[in-house]
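What follows is a short report on a single structure.
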Amino acid sequence: MINPNEATPIPRRIPFEFPEDIDPCWIPGDPEMSAMVNGASLGMPYLEPFLIRTIRESMEHVDDPKLRADMAAFNAQEGQHFRAHRRFNDLIKAKGYP
Ligand SMILES: [Fe+2]
């Protein structure tokens, strides 16, 4: 449910880089959780741009300035996310992750 009194989210750049030599099994002692999170990450560069396009198209039908600001912030945030996921995915694939 949308709370109109909540502050518009502030999109942020992700303040770290993934190590070039990242081990695809990056959670020590927990290969299953590593695989689950890796699997989710591999889908994000497809999901998040879809969400951005969906929100952008929906904005044509929204007049409320606060909601439009929230939607724009969401899109900016998702833009940061999918780029970070793509970087991470490229690194684990380069290390042989299937
Ligand atoms: Fe996201």
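The values are calculated or read from the model by the stated rules, or taken from the named source; none is laboratory data. Computed from a prediction, not measured in an experiment: that's the story for all the values here. Because the Cβ atoms are built from the backbone with ideal geometry, glycine has one as well, and the counts that use them run over all protein chains shown.
Residues in region 43-80 that are within 16 Å of the ligand (Cβ to nearest atom) and touching a residue at least 60 places away in the same chain (Cβ under 8 Å): 70, 73, 74, 76, 77, 79, 80. Applying the criterion of being assigned to a helix (DSSP H, G or I) and among the β-branched types (Val, Ile, Thr) to the residues of region 10-59, the residue that is surrounded by the most Cβ atoms within 10 Å (Cβ to Cβ) is 52. For region 27-42, the tally of residues that are free of Cβ contacts under 8 Å to residues at least 12 places away in the same chain and under 18 Å from residue 94 (Cβ atoms) stands at 4. Residue check: is residue 85 closer than 30 Å to residue 19 by Cβ, within 14 Å of the ligand (Cβ to nearest atom) and at pLDDT below 95? Spelling it out, it is not the case that residue 85 is closer than 30 Å to residue 19 by Cβ, within 14 Å of the ligand (Cβ to nearest atom) and at pLDDT below 95.
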